[in-house]
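The values are calculated or read from the model by the stated rules, or taken from the named source; none is laboratory data. Treat the numbers as computed from the prediction; the structure is a model and nothing was measured. In this analysis, Cβ positions are derived from the backbone assuming ideal geometry, glycine residues included, and neighbour counts consider all displayed protein chains. Ligands, DNA and RNA are stripped out before the accessible areas are found, and what is left, the full protein with its side chains, is counted by its heavy atoms. Shrake-Rupley method; radii C 1.70, N 1.55, O 1.52, S 1.80 Å.
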Amino acid sequence: MPDRSEQSPERAATVFGKSLSVPARVRSFPIFRVAALWEAFLVAAASLRQNKLRTALTLVGIIVGVTAVISVVTIIKGLDQTVSQTFNSQGSTVFTISKRPQVITSREEFVRYNKRKPVTPDDANAIARLCTACWRTGVAVNSIKPAKRGNETFESMQVRGIEPVAMFDIDGVSIDAGRFWTEGEGAAGGDTCVVGSDVVTNLFPNESADRVLGQDIWVGGHRYIIIGVLQPLGKIFGISRDTRVYIPFATYKKRFGVDFSGAAYAPQGSLVVFVQTESPAQLEAAEDQVRAIMRNRRGKSFKDEDDGFALETQDVFLDLYSKATSNIYLVTIGVSAISLVVGGIVVMNIMLVSVTERTKEIGIRKAVGARRKDILTQFLIEAVTVTAIGGTMGVLTGFGAAWLIALLIGFPLLISIWSAVLGVSVSSIVGVVSGLWPAWRASRLDPIEALRAE
């Protein structure tokens, strides 16, 4: 004997004031199926409005999960763009030679690297003379010194001694006001300096870049005359890149000294050699030649595994950054997955309660001709509606949280449409999975038993 719920309906049922059934001869039309889904959505929305508090509590888990993903993805995408622009500003044709790598992961590495000979200006001269694939070579040394001008003080100024003048270009900086010093001025070890925009902001708070030219500042107890101001570079990881004071290398060596002792800690700074090629295609050949030159100067044989120096390209930092952000992604996805699973379980529980509470309504609908798939669709749409609303709210709160973090910490922000679509899609899938069992139970109810339910 056929199930009454599978018979073709000819009468309309009314639930929450909405007609749910039409003649079967038009039911198969595509436009009708869309209309039926829309009606099911309206009924689901009406049901959710009748239980506002329960619906709101159901949304919490979904909102938390989607918010976590959206906020982290938005911030990291902004950082990706900034990091890419930062390294591109220096160009993909530059690599450095130093005693130690900039990233050391263990004490054993630190001890081993400190046994190496320091890099000296003679190494830079040998590279410039012997490396045929190298275009430009320069040296730089850094240290942190306090700076002062009148009553204004800047405690954490990065003093950078460079040679030759082309190091400005290799370093990826350009002039905003004034000029760079000449090769003659640099070799003479004069008192000229070129400063970053934050130096002007902190030591000359009421003056523009062009008005500070020719004025004095004191750095590390020595007086310098500002002849140029650099264009702003912005921040990376919340750290400003505009706090540098560039001085000639000869001046730096005379005033602060350079560490050639091989000590583990050198407050005066250690020398770093910068090498640039004319094109990215020459980079690998230049690295091979420089490695051979430096190993030869250190008396290394083919059996020695350690070069005795660190040769680093941008890829080292990009790989490190990529690994760090990948771990952040994995942790965030794990936390969000737990939240979404919990949210899905809550949705399933609420839908089961809803099925129990509306058993008589289900019986009435089946009695007037609603089929199993109509009931199944109705409850699935309710579950998906709840989670989709939660996902949408999560997207909005995620963007809001990312914007607030970016505002407070100074991180860049990049809103991605695909992350919003992904957040709503994943939450909708959670709705389908969590609503499937309650919807199936509702569709399998016997109409006579359902009508007897209180």
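Overview of results
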read-out: Gyration tensor verdict on the range 54-196 (Cα atoms; rounded if a/c is under 1.5, prolate if a/b is larger than b/c, oblate otherwise); value: prolate
read-out: Rounded to whole Å, sorted largest first: equivalent-ellipsoid semi-axes of the range 181-337, Cα gyration tensor; value: 34, 28, 16
read-out: Solvent-accessible area per residue, Å², over the range 333-454 with all protein chains present [probe radius 1.4 Å]; value: 49 Å²
read-out: Cα pair count fraction exceeding 19 Å, expressed as % - the range 104-178; value: 62 percent
read-out: Accessible surface, per residue, of the range 94-180 when the full set of protein chains is kept, probe 1.4 Å, Å²; value: 50 Å²
read-out: Theoretical gain in end-to-end length, residue 213 to residue 418 [0.36 nm per residue, Cα-Cα removed]; value: 69.1 nm
read-out: Rounded accessible area of residue 122 (nearest 10 Å², 1.4 Å probe); value: 90 Å²
read-out: Gain on full stretching of the segment that runs from residue 345 to residue 223 - 0.36 nm per residue minus C-alpha separation; value: 37.1 nm
read-out: Listed residue pairs exceeding 32 Å between alpha carbons, taken from 148/235; 77/148; 52/323; 115/235; value: 77/148; 52/323; 115/235
read-out: Cβ-based net charge around residue 134, under 13 Å, with every Lys or Arg adding one and every Asp or Glu removing one; value: -2
read-out: Rg in Å to one decimal, and Dmax rounded to a whole Å, for the range 273-404 via C-alpha atoms; value: 30.9, 95
read-out: Debye-sum result for the chain in log10 I(q)/I(0), which assumes one identical scatterer on each alpha carbon, at q = 0.09, 0.11, 0.13 Å⁻¹; value: -0.73, -0.90, -1.14
read-out: Solvent-accessible area, 1.4 Å probe, carbon plus sulfur percent, for the chain; value: 60 percent
read-out: Cys residues of the chain counted as unpaired, since no other Cys beta-carbon is under 4.7 Å; value: 193
read-out: Using distinct alpha-carbon pairs, which all enter the 1/r mean, Kirkwood radius of the range 119-245 in Å; value: 15.5 Å
read-out: Rounded FRET efficiency, nearest 0.05, which uses the C-beta distance separating residue 320 from residue 144 and R0 of 30 Å; value: 0.85
read-out: Taking the chain and dividing mean pair separation by its residue count, relative contact order in percent (alpha carbons under 8 Å, at least six apart); value: 28 percent
read-out: Among 144, 346, 172 - extreme Cα towards positive end, dipole of the chain, charges at beta-carbon; value: 346
read-out: Spacing of the two label points (7 Å from each Cα toward its C-beta) at residue 440 and residue 285, in nm; value: 6.7 nm
read-out: Ellipticity estimate at 222 nm from DSSP helix runs (n ≥ 4, -39,500 (n - 2.57)) divided over the chain, nearest 500; value: -18000 deg cm²/dmol
read-out: Rg(Cα)/(2.2 N^0.38 Å) for the range 327-440, N = residue count; value: 1.36
